[in-house]
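What follows draws every value from the coordinates through simple rules; no lab data is involved. Nothing here was measured: the structure is a model prediction, and the numbers come from that model. Here the Cβ is made from the backbone with ideal geometry for all residues, glycine too, and neighbour counts use every protein chain on show.
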Amino acid sequence: MSRPPAAREAVLDAFERIIIAEGERTATLDATARAAGVSKGGLLYHFGSRHALIAGLVERLHRRIDDDVDRIHTAPDGAISYFVRSSVALETPLDHSFVATVRLAQGGDRQAAEAIGAVRSRWLVEIGRHVADPSLALAITLIGDGLYYHSALQADLATRAGVIDDEIGKPEMNALVALLERIAGESR
């Protein structure tokens, strides 16, 4: 698969940053062009409308999810370990695309909402390939959601208050992964 042009990616980076930092309503074409350091005409060359810009963001999210699903499938420590541990990864390119798309969905964008649903389904299907019990696969994906939410909330609190006290440490994460892997082994 060929790589998208750098200017196009810079526009998407700027669009994501604005949505995450200032909200989806602030992410206008003009604001995005300014933040990307391109003219509005340059932005329109790659994305002819705000709808096209959102479609580009959704496409980018799906590319990043394709890569993540490949990593789940080929993870040396196993799918459960990779998925659960990566659920606390913030400030990654995938996280930025995911958060920006969620914020667009929260703002009422149907295309973004459908993309988030598709992402969650992809993760569930992939975990289901590695876990015999469909209910356990669902539980693992929901645990991933909870870990992500917890990490994001703690990061937000740390930013606001300057302290973070409720991190999930390595021993707790190791114990959680071991528990899930044991349950998955027992369900085979």
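Things to note:
- Estimated purely from DSSP H runs of n ≥ 4, each contributing -39500 (n - 2.57), the mean residue ellipticity at 222 nm for the chain is -25500 deg cm²/dmol once divided by its residues.
- Full extension of the chain between residue 120 and residue 135 yields a length gain of 3.9 nm, computed as 0.36 nm times the residue separation minus the alpha carbon distance.
- One compactness figure for the stretch 1-48 is 1.09, namely its Cα radius of gyration divided by 2.2 N^0.38 Å.
- For residue 106 and residue 74, the difference between the fully extended length at 0.36 nm per residue and the C-alpha to C-alpha distance is 8.3 nm.
- Helix 110-130 vs. the chain, principal-axis angle (Cα, 0 to 90°, nearest 10): 30
- Exposure proxy for 179, 147: other Cβ atoms within 10 Å of each Cβ, ordered fewest to most, give 179, 147.
- 3J(HN,Hα) from dihedral phi, the stretch 32-40, Karplus parametrisation 6.51/-1.76/1.60, rounded to Hz, x for glycine, proline: 5, 4, 4, 5, 7, x, 10, 6, 4
- With Cα atoms, 0 to 90° folded angle of helix 6-22 axis to the chain main axis: 70
- Largest-first ellipsoid semi-axes for the chain, taking √(5λ) over the Cα gyration tensor eigenvalues, angstrom: 33, 19, 13
- Additional length obtainable on full extension of the chain from residue 66 to residue 49, 0.36 nm per residue less Cα span: 3.6 nm
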